[in-house]
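Please treat every number below as a calculation from the coordinates, not as lab data. Computed from a predicted structure; not experimentally measured.
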Amino acid sequence: MKKICKILSAIFVLSLSFMSPVNAVELRYAGCPEGGRHSMEVVARAIMYEGTYQNPGKLITTGGKYYKCTKCDMGIVTQFSPHVSGCLGAYIFDSRNYTGSALVVSYGVEGYEWSWPTGYIWDGMDWLD
Ligand SMILES: [Zn+2]
């Protein structure tokens, strides 16, 4: 009997946690530490390789984009520009210090997005033209 009560009270506590307004708060996006969404602006053209600096492997593109947040300097290299292509294609987050070069060479792929990027990370970004 004691065990059943324990189970029932556990279920009750669990159901409370689902109904509680505190737990109803959901994170919609990972925003910019400087406030609001990241403002991703193209600062350079990117050559993307699939592999590493030592072993570049497959060339993905010579016409990629290097985006940086105008507020916090977070950077990402993408195969495509979402405003033009509706997707990112191959991408890799890369926040190294931007030196003002019009061309960056990027190694490695973190993932692929073949449609307009949505979700926890992407919803926190505005892609500037
Ligand atoms: Zn930012």
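In table form, for the structure just shown:
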read-out	value
Under-5 Å amide H pairs with Glu34, H placed in peptide plane, nonlocal only	none
For region 59-66, 3J(HN,Hα) per residue [Karplus equation, 6.51 cos²θ - 1.76 cosθ + 1.60, θ = phi - 60°, Hz, x = Gly/Pro]	7, 7, 6, 9, x, x, 10, 10
Computed Kirkwood radius, in angstrom, where 1/r is averaged over Cα pairs of region 46-128	13.0
Whichever aspartates and glutamates have a C-alpha closer than 18 Å to that of Lys65, once near sequence neighbours (fewer than 8 apart) are set aside	Glu41, Glu50, Asp73, Asp94, Glu110, Glu113, Asp126, Asp129
Theoretical gain in end-to-end length, Asp73 to Trp114 [0.36 nm per residue, Cα-Cα removed]	12.3 nm
Value of relative contact order over region 38-127, rounded to a whole percent, pairs C-alpha under 8 Å and six or more apart	32
